[in-house]
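The values are calculated or read from the model by the stated rules, or taken from the named source; none is laboratory data. Owing to the predicted nature of the structure, the values given are computational and were not obtained by experimental measurement. Heads up, the Cβs are rebuilt from the backbone with ideal geometry, glycines too, and the neighbour counts pull from every protein chain shown.
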Amino acid sequence: MKNSLILIGGGGHCKSCIDVIEQEGRFAIAGILDKTELVGARILDYPIIGTDEEIPRLVPDHYFLITVGQIKSPSTRLAIYTKLKETGARIATIVSPRAYLSSHARLGEGSIIMHGATINAGATIGNNCIINSHALVEHDAIIHDHCHIATGAIINGGVAVYEQTFIGSRVMTREYITIGAESFVAGGMNIYRDLPKQSRVTPS
Ligand SMILES: CC(C)(COP(=O)(O)OP(=O)(O)OC[C@H]1O[C@@H](n2cnc3c(N)ncnc32)[C@H](O)[C@@H]1OP(=O)(O)O)[C@@H](O)C(=O)NCCC(=O)NCCS
């Protein structure tokens, strides 16, 4: 029997997650938590059943996955993750059957590997990360907790991306560089040098 799963956050990223979860087939989605005014609405085939106030009541019978997106700030995903840990919730880890996760790579709790992503040998993905569709995390790279590696980004071999960082769509990083915690790299940027903590790299 499939384990029952509650999704937290019913926006666009949630839809992409639903498709991955359905294809993976390990969990049955029991419902979604979002804002009060959205309760009763449906996201794809699944109902919004309540707000995150419901989490403690749902903990005994369900797994949870955070399906809130993360672009401008990691704070919402981080706060929900902290709340889940405090309540002792079981947190799902999801890998698309259309992704490649090397058996020599490590993957943390609450992270999702979306369709077409590749996590190569020796790579490590922390907790509560999004490795989005068609992203590449090359050999020996480390993605620390609460990061979003957006669609089609290339994290080359041996790169370290520290926690709570956003790497935009189609970013390319030179091998063996370090990207400091809480950084933001806009879509399409090429990064050749180490970035300190709280860097913001945009086109202008
Ligand atoms: C950098 C970024 C945060 C700027 O957002 P913003 O402050 O809202 O700025 P705007 O979108 O209003 O863009 C301002 C201008 O810069 C351009 N621009 C924005 N981001 C750009 C980028 N990454 N590369 C090149 N040009 C960019 C816009 O086209 C716009 O040009 P215009 O003034 O001629 O119309 C945003 O564009 C970005 O890169 N977001 C991440 C996208 C992404 O990776 N999403 C992940 C999906 S999984």
Identify the residue in region 97-112 that is without any contact (Cβ under 8 Å) to a residue 60 or more places away in the chain and within 16 Å of the ligand (Cβ to nearest atom) and, among all such residues, is nearest to Gln70 (Cα to Cα). Ser111
Are any residues in region 133-146 within 13 Å of the ligand (Cβ to nearest atom) and in contact (Cβ under 8 Å) with a residue 60 or more places away in the chain, and if so, which ones? Ser133
Selection from region 88-107 of residues among the hydrophobic types (A, V, I, L, M, F, W, C) and in a loop (DSSP other than H, G, I, E, B) yields Ala89, Ala92, Ala99, Ala105
Can you report the number of residues in region 35-53 which are touching a strand residue (DSSP E or B) at 6+ places or on another chain (Cβ under 6 Å), farther than 14 Å from Thr67 by Cα and either in a loop (DSSP other than H, G, I, E, B) or of a type in the set (Asp, Glu) (or both)? 2
Considering only residues that are of a type in the set (Gly, Ala, Ser) and more than 14 Å from the chain's Cα centre (by Cα), which ones fall in region 113-151? Gly116, Ala121, Gly122, Ala123, Ala141
Give the residue, chosen from Gly180, Gly187, that is touching a Pro at 6+ places or on another chain (Cβ under 7 Å), modelled with pLDDT of 95 or more and farther than 18 Å from Arg77 by Cβ. Gly180
Looking at region 177-204, which of its residues are more than 19 Å from Ser133 (Cα to Cα), surrounded by 13 or more Cβ atoms within 10 Å (Cβ to Cβ), within 13 Å of the ligand (Cβ to nearest atom) and of a type outside the set (Ser, Thr, Tyr)? Ile191, Val201
Note on region 157-176: residues under 23 Å from Asn128 (Cβ atoms) and more than 16 Å from the ligand (Cβ to nearest atom) are Gly158, Val159, Ala160, Tyr162, Glu163
Assuming Phe166 fulfils every condition listed in (1) free of Cβ contacts under 8 Å to residues at least 24 places away in the same chain; (2) under 18 Å from Pro74 (Cβ atoms) apart from one, which condition is it? (1)
